[in-house]
Amino acid sequence: MENPTRDLERLYEDLEIKAVKIRKHIIESIYSAGSGHPGGSLSVADVLTALYFHEMRHDPKNPGWEDRDRLVLSKGHAAPALYAVLAEAGYFPVKELKNLRKMGHFLQGHPCMLRVPGVEMSTGSLGQGLSVGVGMALAGKIDGKSYRVFVVMGDGETHEGQVWEAASAAVHFKLDNLIGIIDRNGLQIDGPTEEIMTLEPIRKRWKAVGWKIIEIDGHQIPQILEALYRASRFREKPTMIIAHTLKGKGVSFMQGTLSFHGKAPSKEQYEKAMSELNLAEMFYKLRSKNNESQAVKPK
Amino acid sequence: MNLKLLNQNETRLMNLRDAYSAALIELGMKNPNIVVLDADLALSTKTKRFATQFPNRFFDFGIGEANMMGAAAGLATCGKTVFASTFAVFATGRSYDQIRQSIAYPNLSVKIVATHAGISVGGDGASHQMLEDIALMRVLPNMRVIAPADATMTRVAIYKISEEKGPFYVRMGRADSPLIFESCDWFEIGKAVQIKDGEDITLVVTGPLLSEVLKAQELLKKEKISARVLLIHTIKPIDKEAVINASRETGGIITCEEHSIINGLGSAVAEAVSEEAPCQIKRVGIGDVFGESGGPSELMSKYGIDSSHIAQAAKTLLKERKK
């Protein structure tokens, strides 16, 4: 209160530390499962962290709260990232993350709303989440509720025709309570998106359909927070946040590569990834501590 | 059970779609959570009437069935009971994956009510004559499949499914169909209805084809063949007990449906019967072919699903059994 700049800095720092923690959970759970999708989970980690630990109104103690903001993870293969934020937020114990993809446990390879508290929609077959978000946003309009609906999509999945059906419907029904986020990491299983099936000019495409567009660096917490803040204030139109990201962000040998789209790390790779992330966590914590002590220093 | 059949010799016709839209409006008045969706066929499916009455709870998704199904799922997660309508061919074929992933898997209260199923669609031809919808829907876990036999039953079925949680597929044709029942207050999801007693053979039927089956039963009666008529309005979950009893008590079954003989009613009956009480079964339905343009009754006759074909199948089965 005395120092609003420091408060904001502190928020960014906390979220950055949280995001590293989320990345550690992602690596641990996929390593433990022996399979999964680290690349697209790591690329979306900052966005999900900002949403669940700052922007969204939700209550882990009451997952069915009627007025909660909803999030549909349309890129269902990033389930490890969603599970990590849900566990950290308190929807279920963090220790469950190690049971990802294991028989008899509830964390399915792709999100299943009937089994996992906090998961708003079962996803996995790409290109369907935005339609579901349209339905949720319509329900909010019918009921005169103020909740918002966030749909997190992969860039590759916007190849699907259904995405564009939903894009038109969201504009047609004036769903300003619907916010889409495209995790624009530029890579899909078979290669770079522009080599497989052109997405560019992605911004113009969405704009042409009638969406408000915000383009950001999807790893910069301040940019993510600002985009979410602005998106919620547009009226009469849905907003698409194009978040430019790096596949595998945060782990040197996964970053920007295709090889970890859908592959678990080996034991050595796991250890290397964890030591990198531990180092990053230590760095962020130290930086935060340092800034804190400077901020309280008497003049 | 107060099973009263109307006199089929003075047939009154009524469209199942009219009964559907009337039921929707009644439900809409009672329940503010009823939401109706369509995909640019609201005039044909008759959901337009609901739209006029409740414009805030009706959404036309244009020619985009996949998106409509996804949005239906989203609405259902927010406590809405969603009716999503379009032609059967688009409702099931065009958006199968959306139904599978976003509706059936999460077990959401989306009632897919499809019209224009079957070959009696007529003039539009094979592209619009959906003969595989029962097959596609009944294989999905959580999905229940209902084909009402007349308008009276349609109204009651729509009421009943609106009270049940989870997804349903309801199948209707395009044509006006004979009114068969005076009332259907006895209607229970999953419970077959024995329409006529009989000992020699059982005619199992689903949908408005019941009227042809009743004619076939009369034809057989003239030849001293006592045919039981069993109406399976709920193809899934099927009333196993009723079909097993039919097998045990009459020793032969003819299944009758305006659908492919592959994986429709005939297959469902065969699955139920063969595991516990096998008997000879003949499936009357559309063979493994696409239809063509023509008049509804011409097509029913050419593709072998009218009363004379049904009666013939029964006689053939009885002849083969005697050998």
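Every number in this text was worked out from the coordinates using simple rules, so none of it is lab data. Remember, predicted model here, so these are calculated numbers, not experimental data. Here the Cβ positions follow ideal geometry from the backbone for every residue, glycine too, while neighbour counts run over all protein chains shown.
Data overview
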| item | result |
| --- | --- |
| Under 5 Å, built H, 5+ apart or other chain: amide partners of residue A:187 | A:193 |
| In sequence order, calculated HN-Hα J values of segment A:100-113 (Karplus, 6.51, -1.76, 1.60; Hz; x Gly/Pro) | 3, 6, 9, 4, x, 10, 8, 7, 5, x, 10, x, 10, 5 |
| Net charge of neighbours whose Cβ lies under 9 Å from the Cβ of residue B:190, counting Lys and Arg as +1 and Asp and Glu as -1 | +1 |
| Helix B:240-250 axis, angle to chain B major axis (alpha carbon atoms, nearest 10°) | 20 |
| GNM result for chain B, Cα springs below 10 Å: residue of B:170, B:229, B:289 fluctuating most strongly | B:289 |
| Expected 222 nm ellipticity per residue - DSSP helices of 4 or more, -39500 (n - 2.57), all of chain B, to 500 | -10500 deg cm²/dmol |
| Mean separation of Cα contacts under 8 Å, 6 or more apart, over the residue count of segment B:11-178: relative contact order % | 28 |
| Inter-chain Cβ neighbour average for residues B:99-106, partner chain, 10 Å | 6 |
| Calculated SAXS-style log₁₀ I(q)/I(0) at q = 0.06, 0.07, 0.12 Å⁻¹ - the protein assembly as shown, Debye, Cα scatterers | -0.39, -0.51, -1.11 |
| Overall form of chain A per C-alpha gyration tensor (a/c, 1.5; a/b vs b/c) | rounded |
| About the Cα centre, charge dipole magnitude for the protein assembly as shown (Lys/Arg +1, Asp/Glu -1 at Cβ), debye | 760 |
| GluC sites (Glu not before Pro) lying in DSSP loop within segment A:189-239, provided at most 16 other Cβ fall within 10 Å | A:236 |
| Amide H partners (placed H, <5 Å) of residue B:173, local residues excluded | B:116, B:117 |
| Within chain B, longest stretch clear of exposed GluC sites (Glu not before Pro) (DSSP loop, no more than 16 other Cβ within 10 Å) | B:1-163 |
| Those trypsin sites (Lys or Arg not before Pro) in segment A:26-95 that DSSP places in a loop and that have at most 10 other beta carbons within 10 Å | A:61 |
| Lys, Arg +1 and Asp, Glu -1 on Cβ, resulting dipole of segment B:11-178 about Cα centre, debye, nearest 20 | 380 |
| Sites excluded, chymotrypsin sites (Phe, Trp or Tyr not before Pro) in DSSP loops with at most 14 other C-beta within 10 Å, longest stretch of chain A | A:66-233 |
| Neighbour-count ranking [beta-carbon atoms within 10 angstrom, fewest first] of B:60, A:190, A:69 | A:190, B:60, A:69 |
| Top positive-direction residue, dipole computed over the protein assembly as shown with Cβ charges, set A:137, A:296, B:75 | A:296 |
| Given A:247/A:272; A:18/A:75; A:98/A:263; B:165/B:236, the pairs whose alpha carbons are separated by over 19 Å | A:18/A:75 |
| Sparse-neighbour loop sites [GluC sites (Glu not before Pro); segment A:1-83; at most 14 other C-beta within 10 Å; DSSP] | A:2, A:66 |
| Sum of side-chain charges, residue B:31 neighbourhood, beta-carbon under 15 Å (Lys, Arg +1; Asp, Glu -1) | +2 |
| Per-residue ³J(HN,Hα) for segment B:216-233, Karplus 6.51 cos²θ - 1.76 cosθ + 1.60, θ = phi - 60°, Hz, x for Gly and Pro | 4, 4, 5, 4, 5, 4, 4, 9, 6, 9, 9, 9, 7, 10, 10, 9, 9, 7 |
| Residue exposure sequence - A:72, B:121 - by fewest surrounding Cβ within 10 Å | B:121, A:72 |
| Sorted by Cβ neighbour density within 10 Å, fewest at the top, the residues B:309, A:77 | B:309, A:77 |
| Nitroxide proxy distance, nm - points 7 Å out along Cα→Cβ at residue B:292 and residue A:11 | 7.1 |
| Estimated 222 nm signal from helices in chain A, with DSSP H stretches of n ≥ 4 weighted -39500 (n - 2.57), rounded to 500 | -14000 deg cm²/dmol |
